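For reference, the structure is listed below as structure tokens.
The values are calculated or read from the model by the stated rules, or taken from the named source; none is laboratory data. Worth saying up front: this structure is predicted, and the values here are computed from it rather than measured. Glycine gets a Cβ as well: all are built from the backbone with ideal geometry, and neighbour counts include every protein chain shown. We work out accessible area using only protein heavy atoms, side chains counted, and drop any ligands, DNA or RNA first. Shrake-Rupley method; radii C 1.70, N 1.55, O 1.52, S 1.80 Å.
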Amino acid sequence: MASGDGAVAVGGNVAGSVLTGPVFGASWMPLRMALKDPQTVFDAVDIETFTGREWLDQLVRAFFSSRKCGYVWLEADAGLGKTAFAGWLVKAYGYISHFARYGGGDRTRVALQNLSAQLIDRYSLEELELPTGALPPGADTPEGFDSLLSAAARHARKAGEQLVVVVDGLDEAQREDSGLPWGLPSTLPPGVFVVGTYRTGMPRPLVESPALLLRIRTDDPRNRADVDAYLSRMLAEDALAARLAADGVSAEQLAEQLAHRCGGIWVYLRYVLEELRLGLRHPTDLDDLPESLSEYYFRQVMRCSESPDWSRLRLPALGVLAVAREPLTPDLLALLVGADAEDVRPLCHLYYRPFLARTKTTPRAYAIYHASLVEFLTGSRASSHADAGGEDRERIADALHAAAAAAHSRIADYYLDQFGGLDSGLERLAGDPHAAGVDDSYPLRHLAYHLQAAGRAQDLHRLLAAECAAAERSVNVWYTAHDQADTIDDYLADLAAGLYEAEQATDHALAHGRTASTIGLEMRYVLITASIYSLTSNISIDLLAQLVDQQLWTPARALAHARRFPEPEERCRALLALSSRLPVEDRPGTLGAALEAATAITSEPDRARTLAGLAPHLPPALL
């Protein structure tokens, strides 16, 4: 990929020197790439059915009003609604947030990138002289995040606001030297509050700022009252109400039984209610429900294992569902499992339905509803089979763990085979870059992740290095596929995954006194990343518009490119120029982004001039 003069060739383009300027550094990345959309969490926890928890909200807000800063720790067992409450706080109050379910290779880096990006996006941090539209180097480190948090806090105080950060799933985070998950600071600036949730069993984080510990317990009368309110709401729904009426069971009687049998565990209630709604369980058949959630999972899987198609169909389907990064349609699930779609559809529509969240899109797609079931299926938490004991439990645990591990490679190989295989240099994809758009471009977003999760670092490096001849020169196949699909940000994420694996290999080699041959690979990924950003400076705004007008670039591709302009004034002008070339429904969002860029200009005269030029084009809602 490197040319003789030190420039880097990417997808048929050659960028100039990348050893100067803010782009040299692995942590420099677009804000929009670092930002995580909490809507995915809202959908996953079914935020629309959120019920109760007024007492928790009151305690949290009372702490905010009585302290200058501080931490609120929310501790609870699995399935008691920690993520739902955290999601509700973010939805209701617009707090900055990070959720453990976002995942990623280096989980602390992903969290700090997300939180830092939100701080930069929400507050004007001119005094730090940040590269606008991007994360600065160091923003993904505890020290860098601390500096950004302090700067953002100053802006919040000037505006008379409190800065609240919600972080969910601290028990799933990596621990830093400070001892705090996600690299959070022990001492918070004035006006800053952090609400953090974690599972019972994790030691309470020790901090120097004021702290309040709140616990949700199954036998807490307040939790019981919330459960009663939730059951009353759910059992009044048409489908359940009709089923209860047909079976001659009163809603009050069933609610009392469910509250007792499920022990106040919210996700357990959700599963059983769904079983009742689908007719998989009779309203009078509640006596055999076990007391613990993990035992409930075990019995359900044990029942499935007795089916003749367990090894061929049901087990691999569970494995794929457990590791998939997005909801899957039944037809796609069948392809990834290697089974007939007619056999897979009943799993999604009926037998596994109580444990699945379903999208509102058409065709419907399905994903595992709760993190505790993912942990049970993958064996990613030691307590996943806490009630273990006996040959059956060991057999089931081993089978589930193996199926989940195999699913990563199964998914990766399915797409690699479609692209012609790594041994051929992805020859089919090289011949048709648009082939990567299969299954709504799932492989462009997640193929690198599945290779990484399968422990196939060398195959990940081969994917990122595959080249083909084009116009008497070599071009990168994977970059070209992303370029054609207008998903360069996802390609940058793949480079970050490759860089992470190379860094890990380098550290391991040095720790064992061996030569670190992967240092060159690290540099290669950094240089390729930097070259992509440097391309922005080589395309003027006029040329960008002409590329769209001549239909050489799609509006979406040009828009993605415009958002990567590092200077806010240029970014504003580029977005404004493209807005008239976009579909009508996309223009308000683009003009909103242009307005954000204009307000981020640090020079007051330049900002005023840019805003004056932008104002006539803004819809009334943005004025």
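Structure notes:
- Inter-residue pairs, beta-carbon under 6 Å, first under 13 Å from Ala465 (Cβ atoms) and in region 476-487, second β-branched (Val, Ile, Thr), 6+ apart: Tyr479/Val10
- Qualifying residue in region 214-222 (condition: touching a residue at least 12 places away in the same chain (Cβ under 8 Å), β-branched (Val, Ile, Thr) and either open to solvent by less than 70 Å² (accessible area, probe 1.4 Å) or assigned to a helix (DSSP H, G or I) (or both)): yes
- Residue tally, condition outside any helix (DSSP H, G or I) and touching a strand residue (DSSP E or B) at 6+ places or on another chain (Cβ under 6 Å), over region 98-118: 2
- Asp440 being in contact with a helix residue (DSSP H, G or I) (Cβ under 6 Å, 6 or more places away or on another chain), in a helix (DSSP H, G or I), closer than 26 Å to Ala365 by Cβ and acidic (Asp, Glu): no
- Test: residue in region 110-132 that is more than 21 Å from Leu213 (Cβ to Cβ), surrounded by 18 or more Cβ atoms within 10 Å (Cβ to Cβ), at pLDDT below 95 and basic (Lys, Arg): no
- Hits in region 278-292 (condition: open to solvent by 20 Å² or more (accessible area, probe 1.4 Å) and in contact (Cβ under 8 Å) with a residue 40 or more places away in the chain): Leu278, Leu280, Ser292
- Here is the figure for region 180-204: residues that are closer than 19 Å to Glu143 by Cβ and modelled with pLDDT under 90 total 4.
- Subset of region 88-99 (residues that are farther than 18 Å from Gln58 by Cβ and open to solvent by less than 30 Å² (accessible area, probe 1.4 Å)): Ile96, Ser97, His98, Phe99
- For region 336-354, filtering for residues that are open to solvent by 20 Å² or more (accessible area, probe 1.4 Å) and within 24 Å of the chain's Cα centre (by Cα) leaves 1.
- Of the residues Ala481, Ala497, Ala509, Ala502, the single one that is touching a Pro at 6+ places or on another chain (Cβ under 8 Å) and in a helix (DSSP H, G or I) is Ala481.
- Only one entry in Thr480, Thr487 is crowded, with 19+ Cβ neighbours inside 10 Å, among the β-branched types (Val, Ile, Thr) and touching a strand residue (DSSP E or B) at 6+ places or on another chain (Cβ under 9 Å), namely Thr480.
- When the helices (runs of 4 or more DSSP H) confined to region 523-623 are screened for residues that are touching a His at 6+ places or on another chain (Cβ under 9 Å) and open to solvent by less than 20 Å² (accessible area, probe 1.4 Å), those reaching at least 2 such residues are found at 568-579, 587-599.
- For Ile265: the one exception among (1) over 18 Å from Ala236 (Cα atoms); (2) open to solvent by 40 Å² or more (accessible area, probe 1.4 Å): (2)
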